[in-house]
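The values are calculated or read from the model by the stated rules, or taken from the named source; none is laboratory data. These numbers were taken from a predicted model, which means no experiment stands behind them. Every residue, glycine as well, gets a Cβ built from its backbone with ideal geometry; the counts of neighbours run over all protein chains shown.
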Amino acid sequence: MGRVSASKLAFVAAAFALLAAYPLVAGSFGIDLVSKIMVFAIFALSLELLVGGVGLVCFGQAAFFGIGAYAAVLLSPADGPAGLAWLLPAAVGAAALYALAVGALSLRTRGVYFIMVTLAFAQMAYYVVHDTPLGGGTDGIYLTAKPVLGRWLDLDRPLVLYAFTLAALVVVFGFLALLSRSRFGRALAGIRASEQRMRATGFATYPYKLAAFTISGAIAGLAGFLFAVKDGFVNPELMSWHFSGAVLIMIILGGIGHLRGALVGAFAFALLQEFFKSEAVFGAFAKHWQLGLGLSIIASVALLPRGLVGLPGQWRERRERTAGRAEAEDQP
């Protein structure tokens, strides 16, 4: 177990080190792309807390992402940049507050009913920004000036935004890693394994699930804030059910139940998108990139039931089975 934990730690440390060094060799397109993928990784980590940590499949995660993004734009002054010190907590707080309200109601349901209720709340948020002047309707709204923190942290500079996004990703990953090892995290793991047994031992599971749901919404709001700052534009599609489905695919692709799976899944999903959209590789077929992406995901789920992070374990088990059969055949 110690060797396994050390290998996991080495993998995560190497991944973050590579991300930190990447701007030294990348151009502007590469920096922008990896910044976007790191935002998606934070978003995927927010859902991993629910699905992998508690066993709650939420199909409305995009609502919290979109609220964080819209709050970043709507709360920014029109005549200049906003202060990062208050705009970031405000955007995260708005997403967390909506998650608290949604969780307080939806967590009273279970199974497919929970999925449908979270989807319904997400669609409500979608139509608020889609059908009212608040969010600019289908046209969306632009961020006039990106937030700053004093004179030394201006998120309008791509390298500064990249470094800030990477720092946010490291903090979120570290926070969730510590959370999973805390008493709170062990309680969530118990709820995932058997909520009925947890209740029988005297745990009131509802407050734990509500706290996890709220934390998950806050992290998704952070990802939405970073996305709005990076693109300088938001539209209702950020709250669509398609986006909630996409982030769920990310954690399935990477491997549910592993924080590093959310990272790997976000990068794999985004890079597969870029690959199948490439006209240099696929020519005219690049217009139908969804078909190639869908087939790749189906193949991945069929061949890698534990996700990409489970691939080394599958190889090891296959070698052990092969070695075991060879030993059995050698015996008289």
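Can you confirm whether Phe64 is part of a helix (DSSP H, G or I), surrounded by 14 or more Cβ atoms within 10 Å (Cβ to Cβ) and not aliphatic (A, V, I, L, M)?
yes
Being of a type in the set (Gly, Ala, Ser) and within 19 Å of the chain's Cα centre (by Cα) is the filter; apply it to the range 88-124 and report the residue that is surrounded by the fewest Cβ atoms within 10 Å (Cβ to Cβ).
This residue is Gly93.
I'd like to check something: does the range 138-152 contain any residue that is surrounded by 12 or more Cβ atoms within 10 Å (Cβ to Cβ), at pLDDT 85 or above, among the small types (Gly, Ala, Ser) and within 21 Å of Ala262 (Cβ to Cβ)?
Within the range 138-152, none of the residues are surrounded by 12 or more Cβ atoms within 10 Å (Cβ to Cβ), at pLDDT 85 or above, among the small types (Gly, Ala, Ser) and within 21 Å of Ala262 (Cβ to Cβ).
Each row is one residue, and each column tells you yes or no for (1) among the basic types (Lys, Arg); (2) modelled with pLDDT of 85 or more; (3) more than 15 Å from the chain's Cα centre (by Cα); (4) more than 30 Å from Asp139 (Cβ to Cβ).
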position: Met239; (1), (2), (3), (4): no, yes, no, no
position: Ile256; (1), (2), (3), (4): no, yes, no, yes
position: Glu274; (1), (2), (3), (4): no, yes, yes, no
position: Gln290; (1), (2), (3), (4): no, yes, yes, no
position: Gly307; (1), (2), (3), (4): no, no, yes, yes
position: Gly313; (1), (2), (3), (4): no, no, yes, yes
position: Ala326; (1), (2), (3), (4): no, no, yes, yes
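Given the conditions (1) touching a residue at least 24 places away in the same chain (Cβ under 8 Å); (2) closer than 25 Å to Gly83 by Cα, report the number of the one that Ala125 does not fulfil.
Only one criterion in (1) touching a residue at least 24 places away in the same chain (Cβ under 8 Å); (2) closer than 25 Å to Gly83 by Cα is unmet by Ala125, namely (2).
Just wondering, is there one or more residues in the range 87-109 that are in a helix (DSSP H, G or I), without any contact (Cβ under 8 Å) to a residue 40 or more places away in the chain and β-branched (Val, Ile, Thr)?
no
Go through the range 1-55 and report how many residues are free of Cβ contacts under 8 Å to residues at least 40 places away in the same chain, over 29 Å from Val160 (Cβ atoms) and either touching a Gly at 6+ places or on another chain (Cβ under 7 Å) or of a type outside the set (A, V, I, L, M) (or both).
Qualifying residue count for the region: 4.
Limited to the range 149-162, what total is found for residues that are in contact (Cβ under 8 Å) with a residue 40 or more places away in the chain and either assigned to a helix (DSSP H, G or I) or under 30 Å from Ala212 (Cα atoms) (or both)?
Going through the range 149-162 one residue at a time, the tally reaches 6.
Look through Phe65, Phe40, Phe11 and report the one residue that is under 24 Å from Ala104 (Cβ atoms) and either modelled with pLDDT of 90 or more or out of contact with any Leu (no Cβ under 9 Å at 6 or more places or on another chain) (or both).
Exactly one residue qualifies, and that residue is Phe65.
Return yes or no: is Ala223 surrounded by fewer than 21 Cβ atoms within 10 Å (Cβ to Cβ) and either farther than 30 Å from Leu87 by Cβ or not β-branched (Val, Ile, Thr) (or both)?
No, not satisfied.
Could you check the range 237-283 for helices (runs of 4 or more DSSP H) lying wholly inside it with 2 or more residues that are of a type in the set (A, V, I, L, M) and surrounded by fewer than 17 Cβ atoms within 10 Å (Cβ to Cβ)?
So the answer is 279-282.
Evaluate the following for Lys36: is it touching a helix residue (DSSP H, G or I) at 6+ places or on another chain (Cβ under 9 Å), within 21 Å of Lys146 (Cα to Cα) and of a type in the set (Lys, Arg)?
Yes; evaluated as a whole, the condition is true for this residue.
A quick yes/no check of all residues on (1) touching a Ser or Thr at 6+ places or on another chain (Cβ under 8 Å); (2) under 30 Å from Leu24 (Cα atoms):
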| site | (1), (2) |
| --- | --- |
| Asp156 | no, yes |
| Tyr162 | yes, yes |
| Arg183 | no, no |
| Gln196 | no, no |
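Residues that are more than 27 Å from Pro23 (Cα to Cα) and under 22 Å from the mean Cα position of the chain (by Cα): does the range 76-87 have at least one?
No, the conditions are met nowhere in the range 76-87.
If you check Ala26, Ala10, which single one turns out to be assigned to a loop (DSSP other than H, G, I, E, B) and either closer than 18 Å to Leu263 by Cα or among the small types (Gly, Ala, Ser) (or both)?
Selected residue: Ala26, the only one of Ala26, Ala10 that is assigned to a loop (DSSP other than H, G, I, E, B) and either closer than 18 Å to Leu263 by Cα or among the small types (Gly, Ala, Ser) (or both).
Please go through the range 1-59 and pick out each residue that is polar (S, T, N, Q) and surrounded by fewer than 16 Cβ atoms within 10 Å (Cβ to Cβ). Let's see the steps before the verdict.
Step one: list which residues in the range 1-59 are polar (S, T, N, Q), which gives 5, 7, 28, 35, 46.
Result: Ser5, Ser7, Ser28.
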